[in-house]
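Structure, as structure tokens:
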Amino acid sequence: MSALVETIELTKHFAMGRGRTVHAVDGVSLAIAEREVVGLVGESGSGKSTFGRTLVGLHAKTAGEVRFAGEALPSSYGPADFRRHAANMQMIFQDPYSSLNPRMTVGEIIGEGLRLAGGQGRAQIRAAVADWLARVGLEPQHASRYPHEFSGGQRQRVGIARALILKPRFVVCDEPISALDVSVQAQIVRLLGDLKASLGLTLLFIAHDLSMVRYVSDRMAVMYLGSLVEIGTADDVYFRPKHPYTEILIGSNPEPNPRTERRRVAVAVTGEIPSPVNIGAGCRFASRCPKVMEVCRRVTPRLEPLADGGARRVACHLYTSPAAISGST
Ligand code: SF4
């Protein structure tokens, strides 16, 4: 299946002065097929959101490539690039309150993308805004109100309408439910699922809640300290994790369903994610890994397919052949 969106060795570093560099995202290659939902999980500070933002052009990339429908996108976006690519790639943000301009009405917020794109009159934009308010479960009269007049769930509905009114083919959902009450989370996930199906969207779904990510995603990718450590079908990664970090992450995630809870691997979490400043050689997870070996501190594991011939790829020396390890030293 050909990819709609593809990153090739995508890298985002932030210079901190005095020779220090934050390796927020380091050489991430990920291909997402049309209409596929890929869930991206990892602890806070793993680089998930920076990856999503760099992917849609909100951060200028340090190195690597982003391809959309086979076309390489520019390194940093000017206004014309934003206008062109905004129609294809959009983002739904974590905090629906801080991502909505409090001085604009909801109608202005949702319609702003159409206004900036040009080509439509005020009446057309007003009609499109009313249509999108209805699609996300809000009322036409909400267009004249301000963000502070809404609940968290309603504000996220506004954020979704703002992102989708331009009919993008690809949307990065950056923790779209983590700031919401549990009951509202389910409503927003259902809404995203309905819109994904009716519009044929392709999604990168970034979240902390692994059981929710498994529920919404076709594949699940696990990120640790700026790198992908495991990727596979959502059920394989969730129920049969291979990478020690994935085992820990999933073992620490509460599972509400007692039947699926019994199938999970339970492993205790220890330590905190190390600093992403000036990362050295070797496995990034070595300082926390319960299965660490001598080679792990010297040789950086690559994300490679498992020997079983399946679709799973894992970056861990437990699955690397001795020949491949000695070839990389
Ligand atoms: Fe643990 Fe070594 Fe695998 Fe890294 S490469 S996850 S340290 S076993």
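The values are calculated or read from the model by the stated rules, or taken from the named source; none is laboratory data. These figures come from a predicted structure and were not determined experimentally. All Cβ positions, glycine included, derive from the backbone under ideal geometry; neighbour counts span all protein chains shown.
To keep it simple, each residue is scored yes or no on (1) assigned to a loop (DSSP other than H, G, I, E, B); (2) not assigned by TED's automatic domain parsing to the domain that holds ALA179.
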| site | (1), (2) |
| --- | --- |
| SER44 | yes, no |
| PHE51 | no, no |
| THR54 | no, no |
| LEU58 | yes, no |
| ARG67 | no, no |
| SER76 | yes, no |
| PRO102 | yes, yes |
| GLY107 | no, yes |
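If a residue has to be free of Cβ contacts under 8 Å to residues at least 24 places away in the same chain and either in a strand (DSSP E or B) or farther than 24 Å from ILE160 by Cβ (or both) to count, how many in the range 78-90 make the cut?
Within the range 78-90, residues that are free of Cβ contacts under 8 Å to residues at least 24 places away in the same chain and either in a strand (DSSP E or B) or farther than 24 Å from ILE160 by Cβ (or both) number 3.
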For the range 282-302, indicate whether the set of residues that are modelled with pLDDT of 70 or more and away from the ligand (no atom under 11 Å from the Cβ) is non-empty.
no
Filtering the range 109-152 for residues that are part of a helix (DSSP H, G or I) and touching a His at 6+ places or on another chain (Cβ under 9 Å) leaves a count of 2
Does at least one position in the range 13-22 carry a residue that is of a type in the set (Phe, Trp, Tyr) and part of a loop (DSSP other than H, G, I, E, B)?
no
Could you give every pair whose Cβ atoms fall below 8 Å, whose first residue belongs to the range 161-176 and is touching a residue at least 40 places away in the same chain (Cβ under 8 Å), and whose second residue is buried (at least 24 other Cβ atoms within 10 Å of the Cβ) and aromatic (Phe, Trp, Tyr), counting only separations of at least 6 or pairs across chains?
CYS173/PHE205; PRO176/PHE205
Given (1) closer than 30 Å to PHE285 by Cα; (2) not acidic (Asp, Glu); (3) not in a strand (DSSP E or B), PHE205 misses just (3)
Looking at this structure, is ALA80 within 23 Å of GLY27 (Cα to Cα) and at pLDDT below 95?
no
Filter pass, PRO241 being buried (at least 19 other Cβ atoms within 10 Å of the Cβ), at pLDDT 80 or above, within 27 Å of VAL22 (Cβ to Cβ) and more than 10 Å from the ligand (Cβ to nearest atom)
no
Would you be able to say whether some residue in the range 50-73 is within 17 Å of ALA163 (Cα to Cα) and among the basic types (Lys, Arg)?
yes
Out of the residues in the range 13-46 meeting the condition of being charged (D, E, K, R) and in contact (Cβ under 8 Å) with a residue 60 or more places away in the chain, tell me which one is surrounded by the most Cβ atoms within 10 Å (Cβ to Cβ).
ASP26
Failed condition for ALA128, given (1) farther than 19 Å from TYR97 by Cα; (2) surrounded by fewer than 18 Cβ atoms within 10 Å (Cβ to Cβ); (3) in contact with a helix residue (DSSP H, G or I) (Cβ under 7 Å, 6 or more places away or on another chain)
(2)
